[in-house]
């Protein structure tokens, strides 16, 4: 199946850092600042949003790899956002350049891979895994 995706597709996802977004809440650290896993999550979501509306009905993408650096802390109450740009397409394999910012600094960047899946087949396979 052909997909109508083009290099350079972009999206942006923004959050306001709350208690649920902190390293303490994620169990990834003992400070009440934006957790690295949460920053990666908004980067992944931006990548998903960049292509989701261009996939046929019944298809989506799943994350397959991340190579991310987190540079600086973002306190609770501050806005943070991630931008993703599709930089490589190899069949169903997609690669995104991702960058995150808060109101003051670039807070992280890296690469994120995603794979196009047929949702029904993917879930059937996953559910069968749980049964075996």
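Among 81-87, 102-108, 45-51, the peptide with the highest mean count of other Cβ atoms within 10 Å heads the list, and the full ranking is 45-51, 81-87, 102-108.
For the chain, the relative contact order works out to 27 percent when only alpha carbon pairs closer than 8 Å and six or more residues apart are counted.
Mind running the shape call on the stretch 58-132? Use the C-alpha gyration tensor, a ≥ b ≥ c as the square roots of the eigenvalues: rounded below 1.5 for a/c, prolate if a/b tops b/c, oblate otherwise. Before the final figure, lay out the partial values.
Numbers: a/c = 3.02, a/b = 1.96, b/c = 1.55.
Verdict is prolate for the stretch 58-132.
Could you sort 28-39, 8-19 so that the peptide with the highest average Cβ count within 10 Å comes first and the rest follow in order?
Working: 28-39: 17.9, 8-19: 15.0.
My ranking of the peptides, most packed first, is 28-39, 8-19.
Which entry in [x] 88; [y] 121; [z] 108 matches volume of the Cα convex hull per residue in Å³ derived from the coordinates of this structure? Entry [y]. Considering helices alone, the calculated mean residue ellipticity of the chain at 222 nm is -8000 deg cm²/dmol, with DSSP H runs of length four and up weighted by -39500 (n - 2.57) and normalised per residue.
Model label sites at residue 64 and residue 129, defined 7 Å from Cα along the beta-carbon direction, differ in position by 1.4 nm. A straight line joining the Cα centroids of the stretch 69-113 and the stretch 16-47 runs 13 Å.
Coordinate-derived values only; no laboratory data. Just so we're clear, the structure is a prediction, and the values are computed from it rather than from any experiment. Backbone-built Cβ (ideal geometry, glycine too); neighbour counts: all protein chains shown.
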